[in-house]
Amino acid sequence: MSSSYPPSLTRPPPPTPNTILLFPHPAVLVLVLNNPRGLNCLSTSTHWALHALLEWYDDEASLRCCVVTGMGRAFCAGADLKEWNEANARRERGESGQRVVPSSGFGAISRRAGKKPVIGAVNGLAFGGGMEMVANMDLVVAAKSALFALPEVKRGVVATAGALPRIVRTIGRPRAMEMALTGRTVSAPEAREWGLVNAVTEDAPVDAGILDRPVVKKALEYAEEICGNSPDSVIISRAGVIQGWEDGSAEHATQNVVEIYSKRLNEGENIREGVRAFVEKRAPRWVPSKL
């Protein structure tokens, strides 16, 4: 295992090309998309590599939160259009040209349910698939110059990675229609006003390192606050929000979460530790979640 990994990891992460993995806190993974010349566009193989990485993250008990950002001036500009064009050419020749992505969707995030939180630190362009990833993140922080768009209609394609039904629930039908049908670009302050992002930060100096960017620092503030809470409670609370977002009935969503998690929560150590720490007037000492 590389010495750059926290000693608390039970096993190293799987190989993930065109990414940088940072661990600024033993419980926090920072995933940096690292294809700046290509504006961090993602190939089909990268989707699968990210899927394996995020499954590893969910299974690694020592990790509690993940922050995703991009190298260079883009967060993610979407799909690798050169690969897409080559696939179209193969189909025209009667060859197999299918591009299959994992069930977790674009970047392994756009349709991900997962177990643990993922926070977006959007440093620049979030177009197409990049915007589809943002639409399904748990929290989103954006640099002031960040830009969001679903420009698929301008290229004759459709945003089918999960964003369309999700953004309508987040920003409402009129604004969702505006993004989907015009393909226009939305600024970070406007996205904050719409409820698409949680916070907007100053832009980073040109020579700033990844962890020194204001957008990443703010995302890490959220991550560290989350890490201060019971890992069991975070997992179940997140599941409850997602159930309510995905399900048409609030009561049905509540019943699902109670049926799936109540027994396991009540049999775990963290619920007892949280109550005990409150009574003893001290900070709780959480143990890794077994959920």
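The values are calculated or read from the model by the stated rules, or taken from the named source; none is laboratory data. Predicted, not measured: the structure shown is a model, and the values here were computed from it. Every residue, glycine as well, gets a Cβ built from its backbone with ideal geometry; the counts of neighbours run over all protein chains shown.
Among the listed residues 219, 204, identify the single one that is in contact (Cβ under 8 Å) with a residue 12 or more places away in the chain, part of a helix (DSSP H, G or I) and either under 20 Å from the mean Cα position of the chain (by Cα) or more than 16 Å from residue 137 (Cβ to Cβ) (or both). Please lay out each step first, then the result.
On the way: 204 fails: part of a helix (DSSP H, G or I).
Of 219, 204, the one residue that is in contact (Cβ under 8 Å) with a residue 12 or more places away in the chain, part of a helix (DSSP H, G or I) and either under 20 Å from the mean Cα position of the chain (by Cα) or more than 16 Å from residue 137 (Cβ to Cβ) (or both) is 219.
Rundown of residues vs (1) surrounded by 24 or more Cβ atoms within 10 Å (Cβ to Cβ); (2) modelled with pLDDT of 95 or more; (3) small (Gly, Ala, Ser), yes/no style:
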| site | (1), (2), (3) |
| --- | --- |
| 53 | no, yes, no |
| 70 | yes, yes, yes |
| 73 | no, no, no |
| 81 | no, no, no |
| 88 | no, no, no |
| 93 | no, no, no |
| 100 | no, no, no |
| 106 | yes, yes, no |
| 115 | no, yes, no |
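Can you name the residue in the stretch 128-157 that is under 15 Å from residue 80 (Cα atoms) and surrounded by fewer than 24 Cβ atoms within 10 Å (Cβ to Cβ) and, of all such residues, is farthest from the chain's Cα centre (by Cα)?
Residue satisfying both the conditions and the ranking: 155.
If residue 229 meets every condition in (1) within 19 Å of residue 58 (Cα to Cα); (2) assigned to a helix (DSSP H, G or I) apart from one, which number is that one?
(2)
Working only within the stretch 234-278, note down all residues that are farther than 21 Å from residue 169 by Cα and acidic (Asp, Glu).
Of everything in the stretch 234-278, those that are farther than 21 Å from residue 169 by Cα and acidic (Asp, Glu) turn out to be 259, 267, 269, 273.
Looking for whichever is closer than 25 Å to residue 163 by Cβ, outside any loop (DSSP other than H, G, I, E, B) and among the charged types (D, E, K, R) here; the options are 264, 238, 276, 272. Which one fits? Before the answer, list the steps.
Numbers: 264 fails: closer than 25 Å to residue 163 by Cβ; 276 fails: closer than 25 Å to residue 163 by Cβ; 272 fails: closer than 25 Å to residue 163 by Cβ.
Answer to the check: 238.
A quick yes/no check of all residues on (1) assigned to a strand (DSSP E or B); (2) within 15 Å of residue 129 (Cβ to Cβ); (3) of a type in the set (D, E, K, R); (4) in the same structural domain as residue 122 (by TED's automatic domain parsing):
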{"site": "4", "(1), (2), (3), (4)": "no, no, no, no"}
{"site": "8", "(1), (2), (3), (4)": "no, no, no, no"}
{"site": "24", "(1), (2), (3), (4)": "yes, no, no, yes"}
{"site": "30", "(1), (2), (3), (4)": "yes, no, no, yes"}
{"site": "47", "(1), (2), (3), (4)": "no, yes, no, yes"}
{"site": "51", "(1), (2), (3), (4)": "no, yes, no, yes"}
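Which residues, counting only those in the stretch 256-275, are surrounded by 13 or more Cβ atoms within 10 Å (Cβ to Cβ) and either not assigned by TED's automatic domain parsing to the domain that holds residue 241 or not small (Gly, Ala, Ser) (or both)?
Of the residues in the stretch 256-275, the ones surrounded by 13 or more Cβ atoms within 10 Å (Cβ to Cβ) are 256-258, 260-261, 264-265, 268-271, 273-274.
Across the stretch 256-275, the qualifying residues are 256, 257, 258, 260, 261, 264, 265, 269, 270, 271, 273.
Restricting to the stretch 35-51, name every residue that is among the aliphatic types (A, V, I, L, M) and surrounded by fewer than 16 Cβ atoms within 10 Å (Cβ to Cβ).
Applying the first criterion (among the aliphatic types (A, V, I, L, M)) to the stretch 35-51 yields 39, 42, 49-50.
Within the stretch 35-51, none qualify.
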